[in-house]
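Novice: Quick one: this structure, given as structure tokens, is what I'll be asking you about.
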Amino acid sequence: MTVLETRDLKKYYGAGDTLVKALDGVDLQVENGEFVAIVGTSGSGKSTLLHILGGLDRPTGGSVLVDGKDIFSLKDEELTIFRRRKIGFVFQNFNLFPQYTALQNITLAGELLAKEKPEYKANRKAIHAELEEKARALLAQMGLSERENHYPHQLSGGQQQRVAIARALALEPDILCFDEPTSALDPELTGEVLRVLRDLADQKTTMIIVTHEMSFARDVADRILFMDGGVVVEEGPAHQV
Ligand code: ADP
Ligand code: MG
């Protein structure tokens, strides 16, 4: 089943002499449970594509369908709600909240979502306990049980990135997007993050990853897309390309 699809997706920046065609007509389909890797040189449009797939930015033209629904037909507010529920995002620089512990970073979004519901006030404690229980299970899955009360500055880059992955998983998104998740890490720390991604792939989590880790992509991804100049120039099963 196709969970995500783009049709002639375009994103232009600037105008006239300064026009940049960051995306110039991208057609792509992602199936349920598939792991798609996007590779390409710097400036080829990878982050732009990922941000638009994740509903973080609107395209200049074309459409993104999630479960067959055109997400950019939604108003900003509806889009935000839809995106929070459906799509998880992990960034190159982790983007954890520095003032919160690992555990709090993971429970925060769930807490905010719960607060929007009328039954929250009466069940505040139970909801909080449930979110913490889930967060602890995710920390355990990431091999970080001992670190729940650590603040981001007390964690290595690899640990911070694993907390960020747990945070993205906490909302149980249908699709997880990663933008160069290991590029900010010292080489000796990339392995622990790639291992987590491999586990998620084994569990058939639907994932799209922008990465420079070619051997990882070849080993673990189902499909690799090569981007250049805002278009997909080549695409194929990971073991063939
Ligand atoms: P990649 O992630 O593959 O390195 P990007 O998607 O970040 O590439 O960028 C694609 C192109 O769009 C580049 O030429 C970049 O300079 C340009 N670009 C990206 N974001 C903006 C922006 N906010 N304003 C203007 N140009 C942008
Ligand atoms: Mg980028």
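Novice: Counting residues that are open to solvent by less than 10 Å² (accessible area, probe 1.4 Å) and not basic (K, R), which helices (runs of 4 or more DSSP H) fully inside segment 153-241 reach at least 3?
Specialist: Those helices (runs of 4 or more DSSP H) span 157-170, 187-202.
Novice: Please work out which one of (1) at pLDDT 95 or above; (2) under 21 Å from P181 (Cβ atoms) is the condition V64 fails and give its number.
Specialist: (2)
The values are calculated or read from the model by the stated rules, or taken from the named source; none is laboratory data. From a predicted model like this one, the values you see are computed outputs, not experimental measurements. All Cβ positions, even for glycine, are placed from backbone atoms using ideal geometry, and neighbour counts span all protein chains on display. Heads up: the accessible areas ignore ligands, DNA and RNA and are worked out on the full protein's heavy atoms, side chains in. Shrake-Rupley method; radii C 1.70, N 1.55, O 1.52, S 1.80 Å.
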